Amino acid sequence: MIGLCGWDTVARAERGRRPAAGAAEPGGTAIFLRNYWYVAAWSGEVGRAPLQRWLLNEPVVLWRRGDGTPCALADRCPHRGAPLSNGRVVGDDIVCGYHGLGFCGDGSCTQVPGIDDVPAGLSTRHYPVAERWGWIFLWMGDPALADEAAIPDYHWNDDPGWAGRGETLPVAVNYTLVRDNLLDLSHAHFVHQKTLATDAVVDAPVKTEFDGESLRVIRDMRGIEPSPFFKRLCGFNGAVDHRQEVTFTPAANIVISVRVRSTENPDHAVENRVLNAMTPETDRSTHYFWSLQRDTQLDDAALTDAMFTANRDTFFEDVAVIEAQQKMLDTAPEPAQPVRWHIDKGVDRAQRWVAKLLREEAAQTGRAAAAG
Amino acid sequence: MIGLCGWDTVARAERGRRPAAGAAEPGGTAIFLRNYWYVAAWSGEVGRAPLQRWLLNEPVVLWRRGDGTPCALADRCPHRGAPLSNGRVVGDDIVCGYHGLGFCGDGSCTQVPGIDDVPAGLSTRHYPVAERWGWIFLWMGDPALADEAAIPDYHWNDDPGWAGRGETLPVAVNYTLVRDNLLDLSHAHFVHQKTLATDAVVDAPVKTEFDGESLRVIRDMRGIEPSPFFKRLCGFNGAVDHRQEVTFTPAANIVISVRVRSTENPDHAVENRVLNAMTPETDRSTHYFWSLQRDTQLDDAALTDAMFTANRDTFFEDVAVIEAQQKMLDTAPEPAQPVRWHIDKGVDRAQRWVAKLLREEAAQTGRAAAAG
Amino acid sequence: MIGLCGWDTVARAERGRRPAAGAAEPGGTAIFLRNYWYVAAWSGEVGRAPLQRWLLNEPVVLWRRGDGTPCALADRCPHRGAPLSNGRVVGDDIVCGYHGLGFCGDGSCTQVPGIDDVPAGLSTRHYPVAERWGWIFLWMGDPALADEAAIPDYHWNDDPGWAGRGETLPVAVNYTLVRDNLLDLSHAHFVHQKTLATDAVVDAPVKTEFDGESLRVIRDMRGIEPSPFFKRLCGFNGAVDHRQEVTFTPAANIVISVRVRSTENPDHAVENRVLNAMTPETDRSTHYFWSLQRDTQLDDAALTDAMFTANRDTFFEDVAVIEAQQKMLDTAPEPAQPVRWHIDKGVDRAQRWVAKLLREEAAQTGRAAAAG
Ligand code: FES
Ligand code: FES
Ligand code: FES
């Protein structure tokens, strides 16, 4: 007799788990938004051999079918729980390395050793997958709701009008600490004294724009001294106008546009896009996918490397700060009345928004459960 | 004033401990069966110096008296909890290395420093011990119930009619995952492709026999191609009849009999016995005592080594699989309706049986507590 | 808008934390006494660069102002929790390394980046500090109750009439296990066989004196053989009178006076003072500050080193025992009726006393909360 697969990892992983300090949004009840596309890997990381990756506290196995399309299943075998990623890819399917159950990329069971006719309906959990702009996106929630139109826009990552390079940084923090770091760039003055520091960013008024689809934090700095990064890499010497637009879209995407223009010579201008996909691995670790793209000197490979290295060094400084911050938060929750001032506008707005989305998702899941 | 020893480690260790995923038998309430003999050590491991060993989540100290008989006490000193195993054996007794309380092997206190007459009744917990067939067995439950007639039969381990060798493998899993691995040998086809794999074992019908004393899982394979192990080490070339009998007795004993006979030359036959004592160290680690014995070519030491090495390599493959399985189970309990088919017959029968025994033991303990 | 700092780390750290086995005094409800001075550091450890130190499960940052006076704040920044100790000392103040909030040593906020007038009342938690006898003391409870008259007397540490040397030992145990080790020196016979062992210490009657301010455990041994320590380092050969006075004052201070006098030549006499400040780092680790001072041969630096080294080797033996003890206690609480005899008098008296003080402090805190 063959039972249907009953792994219900999403709900179980959440249930009974005390949300880690700093993990849950204020007012939220679940840890992670689920009905969203998350970056799971760079295209080149997924091939014919199975890849195990933990995403949102869940083990996932990714591989490519014979035709090259990527697919993803829950990594726990529905038989006795061995990781499918320890098995082998045979044709389009993955075969468990323990007792040989086989599954295709949509989760259907295709092979039961010693049994000729695989019972209909036997399946395991699959994750909808989309490959775009050099990244592989996974839909971590209800597959029926997956909509490729909702994939966050990271087209700069392989747009021929842009040049640049990126990588994945493993960061031992809840993803929210990475997000909040990027939503308040005033920290550059203190954390990045040798690269991005300008007095102006602390004093500049912060504007936040929210249209229900995305949250934008804008700092417009006119006639300021360029930061060491733009002096050294982009040749700015005199005063510049420097505009930062940090655009956040749920669940965990931030695109930063930085436009710098010489006030003396308005033709000397550059725009950079820093792409940031902060995918939770667990509630205490994050796959931080980032890429820095520019719209000028596209063929200058040395400049690509120099900008990549400078940005990476900057991110290492951030990682040191937020991993130390996480250790403090782990031993005491945030205070009821923490100190807040104008630099916090963007972060606070994002936190309230995600908390609301978490509540809505929880309510939706509750209704679905009641209806089902 | 001297109080009596009140350490009640069994009950305390269980109480308030959330059974780890995969640890408790379905329907069971306690983690481990207690009123059973467990293999604690190889004879050669226990000598005049104290040996600390964790068994069923409890620290135990083992040593030999002057006359060579082994004995075992709870390793927590009933004074202030220092491990007795950090002390010294003096004569027949063990003396705590902190403040010098002395105990003999039945748990009676024999020395209180600075006090001439040790108060009667002062004692600590002892474990009944039996040494047999090269192994030292401990009774982990109520000493009043210990009965040497109940020691599981591993006589092949030092029977002059058999030859072989064994060792202890530390495995970072709950003992049930080792047991279930052995109760379903169909995994050989997928896990042991280079040594034990035969297609036949997957397809062969599984027979289970249960007589209330032991559970037997039998696969009778007629006229099959011998596995690489029997080809290489026992010289089988043509078709063979291959009979596997896996016999499980609680708490955690499995004896595997493998009989292989050439169909062309019925005189060419061999029987192997694989002895497996899977003693829980903690709920996430197991002392896996195993030994491979054969009934032919008893004086061939090179064959002993070759078979030992081949079997050990095979077990290393199992350890890799079940330790990965344990990591998956640690992050999600088994599903309510997992996939099950004919290969699972033996495992499921054993799980139900042990669950029943755990319930019975819990009820018995409850009655004893109420009566006491 | 700027909110007041609401970190309430003391209460939060306790709340919801299961007291570790062996951590809480019997009958006590909190883990650590708070309204007491604790040794936090040697004077030389604190300078102009911030020092992070965990004390009583709390992260603290220590530094010296421009005038050299030490100060201490909660190490969690009241903005987003980054450790202030990752920031920089600027003038008298510490500036957070993330977004630049500045604080002076009394906890007042002195700088909010981008804001001209720091709002009055904005502050973070500070710890009263006193520097004395080469050590820096912190008051870990309500600052309003801090009274320098209550600093425990360790004047021997830099008294010109005494000579000696000390250090900090990190010990992976709850501080109570260090304290109880020192309150019962009969363990020397078993733990320190090569240095401090004398049969006499086990057999000697134990006298305890308690005056409500301190607890004294006294052993007076007349005409005994000197221990190896006093033979080798202080030249005693024949019989000696040896008096030990172990004086405990809460929260975690023990001063041991050891007086040894030759019975033949009463002019040959020496007094040692062993100073022991056992400051909890967490509930499983202790900063054990100790120092050994003598009243003879003050200028003999080689003797200072020899005595320091001998004492340190002795303490290493204790650390091995009590860390093993802690591991046992971690897996089972102390028994309801443990074995106790005359050597336990001092320890038991201290445990009951501290348990009473913990209850009183809890009641006092409750009343203060109700009144406030
Ligand atoms: S665990 Fe995957 S087939 Fe058995
Ligand atoms: S802890 Fe064993 S005698 Fe004290
Ligand atoms: S965390 Fe310290 S100023 Fe922001």
| Failed item in (1) in contact with a strand residue (DSSP E or B) (Cβ under 7 Å, 6 or more places away or on another chain); (2) within 13 Å of ligand 2 (Cβ to nearest atom); (3) part of a loop (DSSP other than H, G, I, E, B), with B:VAL61 passing the rest | (3)
| request: Quick one: C:PHE230 ticks every box in (1) touching a strand residue (DSSP E or B) at 6+ places or on another chain (Cβ under 6 Å); (2) without any contact (Cβ under 8 Å) to a residue 60 or more places away in the chain; (3) part of a strand (DSSP E or B) except a single one, so which number is it? | output: (3)
| said: Given the options C:ALA306, C:ALA350, name the one that is buried (at least 18 other Cβ atoms within 10 Å of the Cβ) and either among the β-branched types (Val, Ile, Thr) or in the same structural domain as C:ASP241 (by TED's automatic domain parsing) (or both). | reply: C:ALA350
| query | Do the conditions hold for C:ASP106, that is, is it away from ligand 2 (no atom under 16 Å from the Cβ), under 29 Å from the mean Cα position of the chain (by Cα), in a loop (DSSP other than H, G, I, E, B) and surrounded by fewer than 23 Cβ atoms within 10 Å (Cβ to Cβ)? | reply | yes
| request: Looking only at region C:96-109, decide whether some residue is of a type in the set (A, V, I, L, M), farther than 20 Å from C:GLY66 by Cα and touching a residue at least 24 places away in the same chain (Cβ under 8 Å). | output: no
| note | Quick count over region B:202-224, residues being in a loop (DSSP other than H, G, I, E, B) and modelled with pLDDT of 90 or more, is 4
| query | Any chance region A:72-80 includes a residue that's over 30 Å from A:ILE322 (Cα atoms), away from ligand 1 (no atom under 16 Å from the Cβ) and modelled with pLDDT of 95 or more? | reply | yes
| note | From the option list A:ASN237, A:ASN265, single residue qualifying as more than 28 Å from A:VAL39 (Cβ to Cβ), touching a helix residue (DSSP H, G or I) at 6+ places or on another chain (Cβ under 8 Å) and at pLDDT below 95 is A:ASN237
| A:ALA252 passes all but one of (1) touching a strand residue (DSSP E or B) at 6+ places or on another chain (Cβ under 9 Å); (2) more than 14 Å from chain C (Cβ to nearest Cβ); (3) surrounded by fewer than 22 Cβ atoms within 10 Å (Cβ to Cβ); which number fails? | (3)
| note | Expected output for region B:288-303 (first residue over 17 Å from B:VAL270 (Cα atoms), partner in a strand (DSSP E or B), Cβ below 6 Å, 6+ apart or cross-chain) is B:TYR288/B:LEU169; B:TYR288/B:VAL171; B:TYR288/B:MET278; B:PHE289/B:VAL39; B:PHE289/B:THR168; B:PHE289/B:ALA277; B:TRP290/B:GLY166; B:TRP290/B:ASN276
| task | May I ask you to say which residue of A:THR286, A:THR282, A:THR249, A:THR263 is among the hydroxyl-bearing types (Ser, Thr, Tyr) and more than 27 Å from A:GLU209 (Cβ to Cβ)? | result | A:THR282
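Residue by residue, here is whether (1) part of a loop (DSSP other than H, G, I, E, B); (2) not assigned by TED's automatic domain parsing to the domain that holds A:LEU298 holds:
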site: A:PRO119; (1), (2): yes, yes
site: A:ILE136; (1), (2): no, yes
site: A:ASN181; (1), (2): no, no
site: A:PHE190; (1), (2): no, no
site: A:ALA200; (1), (2): no, no
| said: Within region A:71-84, take every residue that is assigned to a strand (DSSP E or B) and within 12 Å of chain B (Cβ to nearest Cβ) and give me the one that is surrounded by the most Cβ atoms within 10 Å (Cβ to Cβ). | reply: A:ARG76
| task | Filter region A:83-107 down to residues that are of a type in the set (A, V, I, L, M) and within 13 Å of ligand 1 (Cβ to nearest atom) and give me whichever is nearest to B:ALA332 (Cα to Cα). | result | A:LEU84
| Of the residues B:GLY87, B:GLY22, B:GLY68, B:GLY91, which is surrounded by 21 or more Cβ atoms within 10 Å (Cβ to Cβ) and either within 10 Å of chain C (Cβ to nearest Cβ) or modelled with pLDDT of 95 or more (or both)? | B:GLY87
| request: Take B:ASN276 and decide whether it is within 30 Å of A:SER85 (Cα to Cα), touching a Leu at 6+ places or on another chain (Cβ under 8 Å) and not hydroxyl-bearing (Ser, Thr, Tyr). | output: yes
| query | Within region B:33-54, is there a residue that is modelled with pLDDT of 50 or more, touching a Cys at 6+ places or on another chain (Cβ under 8 Å), not assigned by TED's automatic domain parsing to the domain that holds B:ASN276 and not β-branched (Val, Ile, Thr)? | reply | no
| Are any residues in region A:153-169 outside any helix (DSSP H, G or I) and under 13 Å from A:ARG273 (Cβ atoms), and if so, which ones? | A:ASP153, A:TYR154, A:ASP158, A:ASP159, A:GLY161, A:TRP162, A:ALA163, A:GLY164, A:ARG165, A:GLY166
| Cross-chain or 6+ apart pairs with Cβ under 7 Å, region B:77-91 first and in the same structural domain as B:ARG65 (by TED's automatic domain parsing), then among the polar types (S, T, N, Q) and away from ligand 3 (no atom under 16 Å from the Cβ) | B:PRO78/B:THR124; B:ARG80/C:GLN325; B:GLY81/C:GLN325; B:ALA82/C:GLN325; B:PRO83/B:GLN52; B:SER85/B:GLN52
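Is it true that A:ALA200 is in contact with a Leu (Cβ under 7 Å, 6 or more places away or on another chain) and away from ligand 2 (no atom under 16 Å from the Cβ)?
Here the answer is no, as A:ALA200 does not meet what is asked.
Yes or no, residue by residue, for (1) within 14 Å of chain A (Cβ to nearest Cβ); (2) within 16 Å of ligand 1 (Cβ to nearest atom):
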{"site": "B:ASN181", "(1), (2)": "yes, yes"}
{"site": "B:ASP184", "(1), (2)": "yes, yes"}
{"site": "B:LYS194", "(1), (2)": "yes, no"}
{"site": "B:ASP203", "(1), (2)": "yes, yes"}
{"site": "B:ILE218", "(1), (2)": "no, no"}
{"site": "B:ASN237", "(1), (2)": "no, no"}
{"site": "B:THR279", "(1), (2)": "no, no"}
{"site": "B:THR282", "(1), (2)": "no, no"}
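The values are calculated or read from the model by the stated rules, or taken from the named source; none is laboratory data. Computed from a predicted model, the values in this text were never measured in an experiment. A quick note on method: Cβ atoms are made from the backbone with ideal geometry, for glycine too, and the neighbour counts reach across all protein chains shown.
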